[in-house]
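Inspection log for the structure reproduced underneath, given as C-alpha cells.
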Amino acid sequence: MGRRRERIHLVSWAGYPNYGDELITARWLRFLARHRPHAEVRLDTRFPGMTAALFGGMHPRLIATDAVFRALDAAIHHEQRSIGALVKDLGTPHFDLLLEDLRAADTVHVLGGGWQNRRWAENALVLDAVRAVSEISGARLLATGQGLMPAGPASFEGFEHVSVRDRPSAELLGLARGYDDAYLGAPTRARRRRTSGDVEEVVLCIQDDLQDDGALERNVAYAREAVAALGVPRERVRYVEAIPGTDHPGYAALSDVVAEDGFIPFGGMWREGLGIGPHQLWISTRFHHHLVASLHGARGVALVGDTGYYDIKHRSIAELGSHWTVTAAEDSTIGALRRMRAPGRFRGPVAAKLAEARTLYPRRR
C-alpha cells in the first residue's frame, strides 16, 4: 500500500463572511495549494456551506467542515462534558464522524485574526479541542497571526508553533512580534501608478459593530467632513463593505456623498476585486482595509471606535510604515489629509510571513 495522504486541518473564523477572516484563509489556502497540493486540506468554520462558496477551487483537495465548531457549540450549550472529552471519547452521534475525521489530522492549524481574546472568551475552547486531538494522535498544533487583545483565557500550551501580529500580544506570550496572516503572499512590488500626489478618489467604510457608544455617529461625521475638505467630486467617492449588514448603516448615513454606483458589496469585492492604489485616500474603521489598502500604496485614515481592540490592531500596521492617521475621529487631523506620506512597501512583513509559512510547510519532493 502507498503512503497515506497528508491531512491538514485548518481552523478559521471565515465563512461569516468578514473580509479580513476570508482574506487570511484565502492566503493560506493558496500557499498550501503551491506547497502542499497533494494534501487533504479540511477547512473548519462555523458555516461550511458559505465556506465552500467562498474558497472553492483555492486548493485542489479542499473539504469544508465544521467539526471543531460543532463541538464548541455542543460544549457551550448542552453537553455536560468538556470539549476535550467530546473529542477524545466521542459519543455525540450527530457529529462523531466529523470528530473522527478531525482526529485523523496530521496538522491542526489555527489561523490568525482577532478571535482569541476576552471579547469572545468561549473561543478558547477551540484550543482545548485541538489539544485533545494532539493527545490522541500526536498531530502537530500550529497557530499563526494571532491577535490576543484584550487578553482572555486563550492558552497555547502544547502548540509546536505560535505567532502573533501585535506587540501587546507578543508581550503577553513572551514571543517576538510577528505579523498578520494577510501578509502571506501579499504583493511587495504592487504597481503603483504615478500620480500628482493629489487625492483622486476617496474610499469609505464605517462599521456599526464592536464600537463604543456614539462611535458610529462620530465616525460618519468625520468621514463627511473629510470628504468635503478634500473636495473630491461625489462620482469619485466609493463605499466598500467588509461585513454585509453591519457596514450598511454607515453607507446609509453617507450615501448622499457616495457616487450613485459607488457602493461595493462584500460579494462584489470578493469575486471581482477592487482597484486600489496611491491615487486613493481611504477612511475606514476596518483593520484589513487598512492593511490591504496600505500594501497597495493608498493613504488613509483608520478610525478607531473601540479602544483596547481596534486601536491595537490599527497601530500594529501604522508602526510598520502605513503612515495612516489612526484617530478617534479628531477633527484636528482633517486639515493634514492632503499632506499625508505614502505608505512604505512592507517588504519586511511580507518576507517574514512567507518565511514562517515555508518553515511550517516546507516543499516536499
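Laid out as a table, the results:
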{"item": "Isotropic mean projected area of the C-alpha convex hull, the stretch 76-145 (nm²)", "result": "5.0"}
{"item": "Relative packing of peptides 306-315, 126-135 - highest average C-beta neighbours within 10 Å first", "result": "126-135, 306-315"}
{"item": "Total formal charge among the other residues, if their Cβ is under 12 angstrom from that of Tyr251, Lys/Arg +1 and Asp/Glu -1", "result": "-3"}
{"item": "Principal semi-axes in Å for the stretch 265-365 [√(5λ), Cα gyration tensor, largest first]", "result": "27, 16, 14"}
{"item": "Helix 19-35 axis, angle to the chain major axis (alpha carbon atoms, nearest 10°)", "result": "60"}
{"item": "Length added when fully stretched, Arg81-Ala52, from 0.36 nm per residue minus Cα-Cα", "result": "7.4 nm"}
{"item": "Degrees between helix 67-77 axis and first principal axis of the chain (Cα, 0 to 90, nearest 10)", "result": "90"}
{"item": "The chain - mean residue ellipticity at 222 nm from DSSP helices (-39,500 (n - 2.57) per run, n ≥ 4, rounded to 500)", "result": "-11000 deg cm²/dmol"}
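Laboratory data are not the source of any read-out in this text; all were calculated from the coordinates shown. The structure displayed is predicted, hence computed values, not measured ones. Here the Cβ is made from the backbone with ideal geometry for all residues, glycine too, and neighbour counts use every protein chain on show.
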